[in-house]
Amino acid sequence: MDFDPDTSQESAVRVAEGICAEVLPSLPRGGNDFFRDAHDALGVRGLFDTSAVNAVHAARIAMTLAARSSSLALAFAIGYGFERTIGRLSLGAASQASLLSSGIGIVAFGRFAEWQADADETTEALELDGEAPLVRGGLSATRVVLGTEVGVNPPWIAHLDMTTPGLVRVPSRHVLGFERIPACSVRTDGVRLEPSAVLAQGDLADSLIRSIRDARRTLDAAIAIGIGRRAFRAAVEHLRTLGSRPSQSTEFSLSDAAADLDAGELSVFRAAWIGDTGGDAALDSASAMLLGARAATRAAHTAIAVVGAAACTDELRQCYLDACALESREGTTALEDTISSTMLEE
């Protein structure tokens, strides 16, 4: 595995840095407006183009963006994740182009009760009742790739317009972290799922759902590393303004945080590389997410402790909240279960 950045990686990172410098300061403060404009800016600059931006590129972009704005990085992960999902489906060029034509797409997985409705000799439509919880960016989306969670049977993936009758968005209140990317629950109340809307089902859907989960974990881990580095940088800059060397215990804390972030970053790139080569990234993406989220939380907590209550900024507080949000997104139990099950070949 070659970790040396190639020319295309460096080009993608320069685009991300340009967005941080040129676009980020002018983005609206409001959540829906911020996400919509950020999504547009990222898309126009080609960062969602999966033919040019592979998983390793995407991880580096996510880290670069998160080092300036975790919400901007999450907006990238949402848009890139949608296009990567569409790209992995066995669709014709015309169908793919139609799904990617306009608006904002999201990917959401949940648990749904389903039953056959209005079946005849030519069609077997399904009706869905259920919910995909805590879907970030869902309030601004125009379309959704909806599917079952990993391990839910029967597995399926479908594409729906957000104006589909019975598809309801319920804003989530008091959500931890990423305050500029509003979240909602996507609920289905007797939503009619036509056969033409189903993109994959059965074993194919199960395989795709697992690969989408692994790719999401890898990008979340990359965002976590970027957040951790932003908090770490703030702490170091604060110490430099004091004009004297910090205590040995402070130096040890910063050293531990730096080592954690470096280990997490390497884990992210390994998981991304495995995803690019078509391998099973379940173990590596779960490990990257576990290491990355813990490293980010530790770095942000250390930074707050180093600067002290009097010098703690809103940015540092937000870094800590965003890192905690990533660490609690799935919880350590789900990640550790993936790791142990994969290692034990269960």
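Brief remarks on what is shown
- Pick from the stretch 82-100, criterion among the small types (G, A, S) and at pLDDT below 75, ranking: nearest to I212 (Cα to Cα): S90
- Looking at T218, T250, T277, T302, just one residue is β-branched (V, I, T) and under 17 Å from the mean Cα position of the chain (by Cα), and that residue is T218.
- Selection of the stretch 95-114 for residues being more than 19 Å from G137 (Cα to Cα) and among the aliphatic types (A, V, I, L, M) yields A97, A113.
- Against the criterion of being closer than 23 Å to L72 by Cβ and either among the aromatic types (F, W, Y) or part of a helix (DSSP H, G or I) (or both), A325 qualifies.
- Within the stretch 45-79, the residues that satisfy the criterion of being closer than 18 Å to T277 by Cα and assigned to a helix (DSSP H, G or I) are A55, V56, H57, A58, A59, R60.
- Restricting the stretch 193-236 to residues that are of a type in the set (V, I, T) and part of a helix (DSSP H, G or I) leaves a set whose member that is farthest from D280 (Cα to Cα) is V236.
- So E121, is it assigned to a loop (DSSP other than H, G, I, E, B), at pLDDT below 95 and more than 17 Å from G103 (Cα to Cα): yes
Residue by residue, here is whether (1) exposed (fewer than 15 other Cβ atoms within 10 Å of the Cβ); (2) at pLDDT 95 or above holds:
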| position | (1), (2) |
| --- | --- |
| G226 | no, yes |
| F232 | no, yes |
| L242 | yes, no |
| P246 | no, no |
| G264 | no, yes |
| V268 | no, yes |
| A271 | no, yes |
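- S341 being touching a Lys or Arg at 6+ places or on another chain (Cβ under 9 Å) and either assigned to a helix (DSSP H, G or I) or in contact (Cβ under 8 Å) with a residue 12 or more places away in the chain (or both): no
- Residues of the stretch 273-291 classified as surrounded by fewer than 24 Cβ atoms within 10 Å (Cβ to Cβ) and either closer than 17 Å to E336 by Cβ or in contact with a Ser or Thr (Cβ under 6 Å, 6 or more places away or on another chain) (or both), total: 5
- For the stretch 184-214, a residue qualifies if it is crowded, with 20+ Cβ neighbours inside 10 Å and under 24 Å from F34 (Cβ atoms), and the qualifying residues are C184, V186.
- Here A113 clears all of (1) at pLDDT below 90; (2) in contact with a helix residue (DSSP H, G or I) (Cβ under 8 Å, 6 or more places away or on another chain); (3) under 26 Å from R192 (Cα atoms); (4) not in a loop (DSSP other than H, G, I, E, B) except the condition numbered (2).
- The residue pairs whose first member lies in the stretch 139-154 and is more than 15 Å from R216 (Cβ to Cβ) and in the same structural domain as R180 (by TED's automatic domain parsing), whose second member is part of a strand (DSSP E or B) and of a type in the set (S, T, N, Q), and whose beta carbons are closer than 7 Å, counting only pairs six or more residues apart or on different chains, are P154/Q201.
- Test: residue in the stretch 280-288 that is closer than 30 Å to R88 by Cα, in a helix (DSSP H, G or I), among the charged types (D, E, K, R) and touching a Lys or Arg at 6+ places or on another chain (Cβ under 7 Å): yes
The values are calculated or read from the model by the stated rules, or taken from the named source; none is laboratory data. These numbers come from a predicted model, not from an experiment. As a convention, Cβ positions derive from the backbone with ideal geometry for all residues, glycine included, and neighbour counts pool all protein chains shown.
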